[in-house]
Every structure is written in structure tokens, then in C-alpha cells.
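Reviewing the structure listed below.
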Amino acid sequence: MRIYWSPNIRLLLVLMVLGVCSWRCQQAPTDASVASPDAARADTDNINHDGRVVQYTIPPNTSRTSSIRIFSYQIGTTATSRVTADLFDQSPPNTTRISASDPASSCTVLVTEFDPRVGLPVFADAGPISVIGGLSPIEIFFNDVNYAAYASGDSALFTGGETLQLTAVGGSKIGAFSTELTAPTNLQLTSPSIAPGNALDITRSDQLTFQWTGGNADTSTQVHIKTRPPEATFVDILCSWPSTLGEGSIPLMVMQKLPAGAGTITVRAINATSTMVEDWGPIECIAETPATTPDGFPVDVEVDIK
């Protein structure tokens, strides 16, 4: 049993290994399952949260994913948005692990090894989940199997700077909870130069630097490089810097972890917070919007890794 007496320090550690973004808690790894992006936890954790002790248990040989994501994008007359809830256990657990971490650059290398033995997600019900404080109120519902996502192809949920309140009334598996976070403001990527529709060439023999404008004090700039190797092992790089810095670099030692070949790069402005729920554990709540090129295109491009 472990006791954590500082929720602020805990949240900081979570944000360092975000990715993608979600909490995955599991037992100590075996040969058939390796540790997920968060450190393996014992059977029961007692977490001091807002002056109270929150206790939760994760079954043996199980990984837990707990995240709610609020996505919004608007440039000119083009807008899209969605709200998704990923609250589920898997047994046998997922097979993502941290291969390397560089705290100085706020970068983490994640390795996912395909394993057909990984269990299907078993989703948990937290009751109706609502998001208010943005451009319009949103509510999503559990439909006996999982949460039906909200999605819109013509409207945004926020423009940046709004205080978003996320509330779940509680359901059969997860109790009621509520939290707030500030909607991130748009970032404009100024370097590297990206031409929409064309792959970006990147090299593993040098650091990769990103520069941008925009953002606010509550926003982080997140860069996610995903690879698509022919074999069943995938390598991701996830980096996050305060948006107010205007610049962040993936160091050479991290770039060298990438395999050569095809992949993608996404750059987003995010704000994230974590809330603890009795008998379930931490739930990551994330608001995000894509960074854009100077021409207004979202930064989500193919890359050729050399």
C-alpha cells in the first residue's frame, strides 16, 4: 500500500507522461504484459485529495484507462468538436511501456508491442457526463456498452480561455465527480515549416525544434510523433512544454529512439487536470485544440523519418 500526500506533485508527474493521453493503471508487469505509461500500482492506493483519503482497487493483471477529452477547433468558418469518455479496464492488460524519459526536455518515449492476448475493454458507467462553460452545454450518456461520443462537424465548443466545468452524476461503476479546467487558446506553429498535403522530412541524427506563437498561461504545447513500422512494435514520442515558452526541442537522444520509416506528427494546445474518484481512482480530464500552420491548417501531418 502506498500513500501520496501531495496531489499537486502527483498531477505534475502525470502531465509529464501524458499521452495521449490517458491514465492506465495496472499491476506489476509479467512476461506477457509490460508496464503502461503510468507506474504500476499496488492492489490498493490511498490518495489524499482535497483533504480527504480516496481509496481504490485495480484487479490483478488488469490495466485501467481513465480519460475524458474535450476537443475543439475553429478557424474562420471551419469548426469541429467532440467529447469522448474512455473509462475502462482491460484484462490481460495493455502492452504500452515507457522506453525512455528525458525530464530536461519533457519528452517520453513510449513503446507498444502488439499482443493478441490483450483483453477487450470493459467500460464503466459514471452516469451522464456534462460539459458547461463553453460556447454550448454538452452532455454524453452511457449506452449499456460504452459512452456515445458527442461530435459536431460545424461548431466549436470553446475559443480559448473559458472555464470549462466537467461533471458526472455517478453511475453503476464510477461515483459522481466534478472538476474545472481552462480551455486552451490556439497556437500557430512557425517552425518547422509544414506544407499541407506534403510529408515532412525529419532526421534521427539531430534534435527537432518546434516554435510557435499564441497560447496562455494554462496551456501546454504537446507534440506527438507516431510511427508505423512494418513489425508489431510501435514507438511514439510525446513531448509537452508550457505554451508561453514559444519553443521546445526534442533532443537527439530521444530522436534516436525512432525507427526509420513513415509516421505522423500532431501538435496541440492542451490543458489537463486529474480528479480522484472513490473506488475507481484518477480520471484525466483534457481540453485540447490543434495548433495550426500560418495558413490555418491543423498540424496533423505525415512524416518521413530518416
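Readers should treat all values here as calculations from the given coordinates under stated rules, not as data from a laboratory. Here the structure is a predicted model, which is why all the values come from computation and not from measurement. So basically every Cβ, Gly included, is an ideal-geometry build from the backbone, and we count neighbours across all protein chains shown.
Ala151 to Ser130: extension gain in nm, 0.36 nm per residue of separation minus the Cα-Cα distance?
Values: separation 21, 0.36 × 21 = 7.56 nm, distance 1.38 nm.
That pair, Ala151 and Ser130, stretches by 6.2 nm at full extension.
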Between Glu139 and Ser99, what length in nm is gained on full extension when 0.36 nm per residue of separation is reduced by their alpha carbon distance? 10.7 nm
Short to long, in 5 Å steps from zero, the percent of alpha-carbon pairs of region 182-266 per bin is 3, 13, 23, 23, 19, 11, 6, 2, 0
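Per 0.36 nm of contour for each residue apart, how much would the distance between Gln207 and Ser191 grow if the chain were fully extended, relative to their Cα-Cα spacing?
Values: separation 16, 0.36 × 16 = 5.76 nm, distance 1.32 nm.
Stretched out fully, the Gln207 to Ser191 stretch lengthens by 4.4 nm.
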Label Ile75 and Glu247 with points 7 Å out from Cα along Cα→Cβ: what is the distance between them in nm? 2.4
Among 111-120, 159-168, 178-187, the order from most to least packed when residues are scored by Cβ within 10 Å on average: 178-187, 159-168, 111-120
Going Cα to Cα from Lys226, which lysines come in below 17 Å? Please leave out same-chain ones fewer than 8 positions away. Lys257, Lys306
Working only with C-alpha atoms, what are the Rg and Dmax values of region 116-221, expressed in angstrom? 19.2, 51
